[in-house]
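The values are calculated or read from the model by the stated rules, or taken from the named source; none is laboratory data. Please read all numbers here as calculations on a predicted model, not as lab measurements. Glycine gets a Cβ as well: all are built from the backbone with ideal geometry, and neighbour counts include every protein chain shown. The protein model used for the area step is the full one, side chains on, heavy atoms only, and it has no ligands, DNA or RNA in it. Shrake-Rupley method; radii C 1.70, N 1.55, O 1.52, S 1.80 Å.
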Amino acid sequence: MKTLYDLLDVRRQASHIEIELGYRRHLNRHLIGLGRRPLSKRAQQKLQTIRHAYLVLSSPGRRQAYDLDLMQREQRRNRMLDIGGAILAVSSLVIGMGLIVASPYFPDWPDFAEDFSRQFRYVVGAEKAADSASSTASASVLKKPVLAAAR
């Protein structure tokens, strides 16, 4: 989410002088080298947004109102992220419990819950080093019978 501060490349605690310097820096960046050539539509829109950012942030009343609105938007976003995280945690728990409960119904997988937890630890990274060492040993064991059968 780009804020007006991001448009001018200034900190949120920037003084009026820093905001003006950021505004002038962006004006120079977009206008230098144009000479008498007309601005493209995109460049005009960019300059308008930069000017709008400068007008809002240079006025103390407008800046205070903008900061309040920005803080409220960030709080709403953080609340939504918290709710999304809670929903993800609960759904993961329900799915995991469902898999554990369903494990007796899979006769081909007698150790379903154990296999699931081992795969989960592997994805998380707890057993990657141990499994990589054992997989190379098992791969060499598997190669011998296959090669012997091919001869």
Next on the checklist: So for the range 1-104, averaging the separation of alpha carbon pairs under 8 Å that are six or more residues apart and normalising by length, what relative contact order in percent results?
Outcome noted: 25 percent
Checklist outcome for this item: For the range 1-85, one quarter of the surface area of the C-alpha convex hull, expressed in nm², comes to 6.9 nm²
Item to check | Which of Ile17, Ile50, Ile100 is most accessible, then next, and so on - probe 1.4 Å | outcome: Ile17, Ile100, Ile50
Checklist outcome for this item: Leu57 neighbourhood, Cβ < 15 Å, K/R = +1, D/E = -1, net charge +2
Item to check | Environment charge at Tyr23 (Cβ cut-off 15 Å; Lys +1, Arg +1, Asp -1, Glu -1) | outcome: +4
